[in-house]
1. Please count how many residues of the range 89-127 are assigned to a helix (DSSP H, G or I) and either at pLDDT 90 or above or open to solvent by 70 Å² or more (accessible area, probe 1.4 Å) (or both).
2. Please work out which residue is nearest to A401 (Cα to Cα), limiting yourself to the range 733-755 and to residues that are hydrophobic (A, V, I, L, M, F, W, C) and surrounded by fewer than 17 Cβ atoms within 10 Å (Cβ to Cβ).
3. Output the residue which, of all residues in the range 287-335 that are part of a strand (DSSP E or B), under 25 Å from G214 (Cβ atoms) and of a type outside the set (A, V, I, L, M, F, W, C), is most open to solvent (accessible area, probe 1.4 Å).
4. Mind listing whichever residues of the range 21-41 are surrounded by fewer than 16 Cβ atoms within 10 Å (Cβ to Cβ) and closer than 16 Å to M62 by Cα?
5. Taking the range 64-88 on its own, how many of its residues are at pLDDT below 90, over 17 Å from Y523 (Cβ atoms) and not in a helix (DSSP H, G or I)?
6. Can we say E701 is without any contact (Cβ under 8 Å) to a residue 24 or more places away in the chain, open to solvent by 30 Å² or more (accessible area, probe 1.4 Å) and not β-branched (V, I, T)?
7. Quick check on Y525: is it more than 30 Å from S630 (Cα to Cα), open to solvent by less than 60 Å² (accessible area, probe 1.4 Å), in contact (Cβ under 8 Å) with a residue 60 or more places away in the chain and aromatic (F, W, Y)?
8. Testing L787 on (1) open to solvent by 20 Å² or more (accessible area, probe 1.4 Å); (2) outside any loop (DSSP other than H, G, I, E, B); (3) touching an Asp or Glu at 6+ places or on another chain (Cβ under 8 Å), one condition comes back false. Which one is that?
Amino acid sequence: MGIVIFLAYVIAVLVLAYFVTPIWLWAAVFLALGTIAMLTTGASGWLAWTFALALPVILGLMSIPFLRRLVLTGPALGAVRSILPKVSRTEQEALDAGTVGWDAEIFSGRPDWQKLMQIGDGKLTAEEQAFLDGPTEELCKLIDDWDIRNNLLDLPPEVWDFMKSNKFFGMLISKEYGGLGFSAQAQSQIVSKVGSRSGSAGITVMVPNSLGPGELLEKYGTDAQKDKYLARLADGREIPCFALTGPHSGSDAAGMRDVGVVTYGKHNGERMLGVLLNFDKRYITLSPVATLAGLAFYLHDPDNHLGKGEDVGITLALIPSEHPGMEIGKRHFPVRQAFLNGPVRGKDVFIPLDYLIGGADYAGQGWRMLMECLSTGRAISLPAVGSVTVRQALRGTSAYARIRRQFGIPVGMMEGVAEPLAAMVKNAYRIEAGRQLTATMVDEGQKPSVVSALLKYRATEAMRDALDGAFDIHGGKAIQEGPHNYLFSGYMLTPVAITVEGANILTRTLITFAQGVLRAHPYLYAEISAAQNTDKKAGLVAFDKAFCGHVGFMLANITGSFFQAITGGAFNKAPVTSKLTWAYKKFERYAQSFALLADWTAVVLGGSLKSKQALSGRMADILSDLYLWSAVLKRFEDDGRLDEDLPVAEAVVRDAIASIETEMAEVLDNFPNPFFKYALWALIFPLGHHARPETDARNYELAKAILGPSSHRDRMTRGIFVSQDPNDPLGLLEDALQKVTRVAEIEKKFIRALKKGEIDRRHDRDAITDAVTKEILTHEEAGFLRLADEATDRVVQVDEFEPDALARHMPVPVAGHKPEAAE
């Protein structure tokens, strides 16, 4: 009987914990079990009854809020307040900016799939689609990327004029103010298509529609500022830039040395209250041609003119480029790309208060404004660049791998080549799924700050991987720069995408998980907010509620993670019945383990999490793997569950599972607390971790399926500009691919004859003519094969230059900006 009672207690604990039941129910269940135990075992005496009923009595008392706060959560709140690290104002504003959505479901460990499925499919309006098919397509045809980045080092005037007249710079500006008023999804796809033609052109379109004056004025500008500038920004009469980064403040906004002081000065001959600015900014895109510069600086008000104290905080202003004291117009030369980028400086620049974005009312709120805009802008711009570069590289490389032959076969049929090509296929599907889902979230009103951060770094890292793979497959052709090299521009642009809007190395290790666990965790942010509440009574009530919820969450994670690990997610419910039902079930298994690991990491490490950046980076990788996994499931549904795409989706999921297990194991291996380290091992991997990525055989099939013209290949590379002009480098690839695949059977006969020695490939003979002579091929077959052979020969050629052609005058740097004196 004793064993039965013991098992009843164990089962009760597991069930109560797993289903996150209230304290009073725990008390009631243990009271019932204790009473049953006493009555069935024959135990008696006050001591036995004390042992049997002590726990339910304690739990019952703890279910009374007043007593619980007095003896448990009150002391706990005091302890939290004593150890809580000080959060800087910029950190707090970054945390407060943005919203949580599907990322919170992942952190919960038990995602509500309906919240994902209810997100739209990202379809454009008829007007947006017409713009994508019309002006955007026309713009791509106008662009000669080699001429732009090698000869002009700028967009040609006709491209600038076309962009302005068609309002490419006003996509996010509402129609009310003369803009196009397009959705985030449309902006993302337009930037993608233009970027697939030219990185410099894509960036030129992207920047005014991302973090910059247009968006800031739309959201925070005064009516006068909106009336004055938005229509002019939309049609290109004003070209904007935004100056944030300085020599001493890149990712560290708190290190900003650019200052403004509220004081009296003269503007247009009139004495008025304004701001005296001194600033030194660099890496500012479009600044060399900007007519209007946004500026971030730290505002001081020593005489409290604004009534906000002496240290007002980070503030934003909008300053015409010709304003007295502005130093603007010089250029940087980032990775030999043609997009315009340069410094913006000013010394003792006096501006009136109405130059502040939003007026004096918004003084000191600049960092919050920037973070809110960045949470949406970063979700649109860099993921679009990363995704389209992967798709563009896949389109070109898959064609080249089928056209180019070595050892008598297309190089794409070699397993060693198929491996990186399959990785490109999976990345193209996965990153585009993430881009589409996230842009749709923005259109539905979300400001996904955590998701935009993880997607930015994963998309641009995928960009780097795809181009590395493309270069490996192309070999010597990829490294010979010239007008026919369709890879080099994207390769050179990759470091820019990786660095801007939060360098990947910091976005991954400092921002994604550290902010995510605070913002998206079900209780942690509420606990911290309660601890920081200056109203101690209200803070205690809020902390008590959050703390109790957190304890229940932790117990549910412990039981849930162990249960999911030993069952492999077999008992989970999927929101759909399809060939990917298993992937939904597996997702919950790993989401539950992630929730446990994230919770214990945050609780155990506390404020030291900031210094454990390697561990934080691995947690960010797990979170991003889960997010992209879910995005792939969503895309597969939105695309209509296409059988052709199923192997790709399955391969992405299998790779994600293997990656997540490896990353979790690395986190546990390096977990600083030994007790929690081994406890987590037992709860997350009680049976060990055995997942493996997709097999070589299946990866080979993914690569093979992309080597010829097909609707599948078009879907994997959708949204890019596809030229059909055989005089265009990418159009030549498309033309050659069509011709080569058309003669596949003829080519087999020709290759067999070569291998038998019946004919020979030599520069002094025409093997195709010899094949006709020897009746290996008919005249008609030889004609088709010759067309394919000539197209292939054009594809494999590289550019050549006269000896003096590359000795053209190169930009000569002006004297560098004088460094500051040592402090």
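1. Taking the range 89-127 first, the residues assigned to a helix (DSSP H, G or I) are 89-96, 102-108, 113-117, 126-127.
Filter once more, so that each one left must be either at pLDDT 90 or above or open to solvent by 70 Å² or more (accessible area, probe 1.4 Å) (or both): 89, 96, 102-108, 113-117, 126-127.
Qualifying residue count for the region: 16.
2. First pass over the range 733-755, keeping only residues hydrophobic (A, V, I, L, M, F, W, C): 733, 736-737, 740, 743-744, 746, 750-751, 753-754.
Okay, now just the ones that are also surrounded by fewer than 17 Cβ atoms within 10 Å (Cβ to Cβ), so 744, 751, 754.
Details: A744: 14, I751: 17, L754: 21 Å.
Among those that are hydrophobic (A, V, I, L, M, F, W, C) and surrounded by fewer than 17 Cβ atoms within 10 Å (Cβ to Cβ), it is A744.
3. We begin by selecting, within the range 287-335, every residue part of a strand (DSSP E or B); these are 292-300, 311-320, 326-328.
Adding the requirement that they be under 25 Å from G214 (Cβ atoms) leaves 292-299, 312-320, 326-328.
If we keep only those that are of a type outside the set (A, V, I, L, M, F, W, C) as well, we get 294, 298, 313, 315, 320, 327.
Working: G294: 0, Y298: 71, G313: 1, T315: 1, P320: 20, E327: 102 Å².
Top of the filtered list is E327.
4. Residues of the range 21-41 that are surrounded by fewer than 16 Cβ atoms within 10 Å (Cβ to Cβ), as a first pass: 22, 24-25, 32, 35-36, 39-41.
Of everything in the range 21-41, those that are surrounded by fewer than 16 Cβ atoms within 10 Å (Cβ to Cβ) and closer than 16 Å to M62 by Cα turn out to be P22, W24, L25.
5. Total meeting the criteria: 4.
6. Numbers: without any contact (Cβ under 8 Å) to a residue 24 or more places away in the chain: no; open to solvent by 30 Å² or more (accessible area, probe 1.4 Å): yes; not β-branched (V, I, T): yes.
Taking the combined requirement at face value, the residue does not satisfy it.
7. Criteria not met by Y525.
8. Exception for L787: condition (3).
The values are calculated or read from the model by the stated rules, or taken from the named source; none is laboratory data. Note that this is a predicted model, so its numbers are computed, not measured. Please note: Cβ atoms are built from the backbone with ideal geometry, for glycine as well, and neighbour counts cover all protein chains shown. Note: accessible area is taken over every heavy atom of the protein model, side chains too, but ligands, DNA and RNA are not part of it. Shrake-Rupley method; radii C 1.70, N 1.55, O 1.52, S 1.80 Å.
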